[in-house]
1. Please compute the modelled spin-label separation between Ala12 and Ser99, points set 7 Å along Cα→Cβ, answer in nm with one decimal.
2. Amide H neighbours of Thr111 under 5 Å, at least 5 residues apart or on other chains, H built in the peptide plane: list them.
3. How much accessible area does Arg162 have with a 1.4 Å probe, in Å² rounded to the nearest 10?
4. How do Ser99, Ser34 rank by accessible surface area computed with a 1.4 Å probe, from largest to smallest?
5. Could you rank the peptides 142-153, 86-97 by their average count of other C-beta atoms within 10 Å per residue, with the highest value first?
6. Between Ala160 and Asp133, what is 0.36 nm times their sequence separation minus the Cα-Cα distance? Round to one decimal in nm.
Amino acid sequence: MILPSALEARVAELERERKHLLAVIEILKEVSTSLHFIDILQGIARKLGEAFGLDRCSIFLAERGGRSVKRAMQGGETVFIPDAATDPSLKHVKSELISRRVKSITVVPITWRGVAIGAIFLRTFRDGPTFSDGDVRFVQVVAAITAQALRNAHRYERLAQRQQETGETMRRMELERVALLSFLRRLLAAFGEREGAWAEGLLPRASADELDRLVGVAMAVIQEEAKGR
């Protein structure tokens, strides 16, 4: 026989798990609509804040953030401080935590291939619901999703950068070609003016025809090369 209190606790637990699943779906939808770092981080932080009614939700990358964030990133493990106002490591900001009615602080590292690349920072209100082990596991799942989303964004930005660099290289090569052709055209024009009508009349008719043929062949080859064949 299940006691009413136990049944209520189980129903509450199932309801929380349902909310977690819905939040994960919303976060997956959020990260699938963008490949930019800022949009991804802001979207995930907003969804987590909505899911828990947090006092603060932030996502830090690299070495940015406070001591708790650095502890999580350096150790690669979740840091959970159930009562932030009485924690010795936060005594330097105790008055601020009390004035803001901060209850708990949770920092979950964002890892990629065993290396912490950032952390999710969560802060709850003192009169808010208690952060449970299930909540922490949920945030760890979100951290894994965040790591993959950031990896995809990084690949996209690298690809976009390569395409931009390739476009700039092609443009520079085109300008070099135009400059070279302009130089040759002006050089030949100046030489022709000095020699007077290029003195082509001195060539036999057969030689002039052969030159015309070679020019036609050369132009055909250049046009084919320009097509990339």
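The values are calculated or read from the model by the stated rules, or taken from the named source; none is laboratory data. Keep in mind the model is a prediction, meaning the values are calculated, not measured. Cβ atoms come from the backbone with ideal geometry, glycine included; neighbour counts cover every protein chain shown. What goes into the accessible areas is simple: the full protein's heavy atoms, side chains included, and nothing from ligands, DNA or RNA. Shrake-Rupley method; radii C 1.70, N 1.55, O 1.52, S 1.80 Å.
1. 3.3
2. The answer is Ile117.
3. About 130 Å², ignoring ligands and nucleic acids.
4. Ser99, Ser34
5. So the order, starting with the most tightly packed, is 142-153, 86-97.
6. 5.7 nm
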